[in-house]
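Below is one structure; the comments refer to it alone.
Please treat every number below as a calculation from the coordinates, not as lab data. Bear in mind the structure is a predicted one, so any value in this text is a computation, not a measurement.
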Amino acid sequence: STILSDAPSAIEIIRNSTDNDFAAASLPTSIALLTGQGKNMSNADVNRFARTGGLDDRLAQDAVKFFTGGTTQVKKEQAEKFAVALYRGALIERKKKLETSAEEYGYSTSPNYKFAIKNIDDQLAQFKLVKKGEKAPTTTKTGNPLVDKWLSTDAEKK
């Protein structure tokens, strides 16, 4: 839940940063606290979310080091990739949990369940991992103002 609520703002901070180098020790509070103190997340949790979100084992370990301050500096592109993977991993795990519960308790045809799954799918579509050499996908509004706030493109903000 913490990742799902805090990650979009952390990703936005990274995207809007004018500095290309991020020192883990001097990250803005919202990024550093994404997985830091009081979040009850172990390094294994961060690693699992990062891998589920699309990073290979080596990059997932780099993400753990970044968010725990073990890596002194990463580039803006890497920081964004780590945060997006963490967010995607949390979304994917939330979706799997919802699907399992719906099947177990028999509410897979419920409109609320279908709406929740659609919202997760929309968020996953907005936060795709961008591979080197690719451009970030254009964002479309989800209809959820809390999510849309973090999906505005640079052109829309001007």
Vicinal HN-Hα couplings computed from phi for segment 104-110 (Karplus, 6.51 cos²θ - 1.76 cosθ + 1.60; Hz; Gly/Pro x): 5, 9, x, 10, 5, 9, 5
Whole-Hz Karplus ³J(HN,Hα) for segment 84-97, in order, using 6.51 cos²θ - 1.76 cosθ + 1.60 and θ = phi - 60°, x for Gly and Pro? 5, 4, 4, 5, 4, x, 5, 5, 4, 5, 4, 4, 4, 5
5 Å is the cut-off here: which amide hydrogens, built 1.01 Å from N in the peptide plane, fall below it relative to GLN73, excluding neighbours closer than 5 in sequence? ALA24
Pull out the extension gain between ARG15 and LEU124, defined as 0.36 nm times the separation in residues minus the alpha carbon to alpha carbon distance; nm, one decimal. 37.5 nm
Can you pick out the pairs among LYS76/LYS128; LYS65/LYS95; LYS97/LYS118; LYS76/LYS96; LYS95/LYS128; LYS75/LYS95 whose Cα atoms lie more than 19 Å from each other? LYS65/LYS95; LYS76/LYS96; LYS75/LYS95
Rule-of-thumb check for segment 1-125: C-alpha Rg over 2.2 N^0.38 Å? 1.12
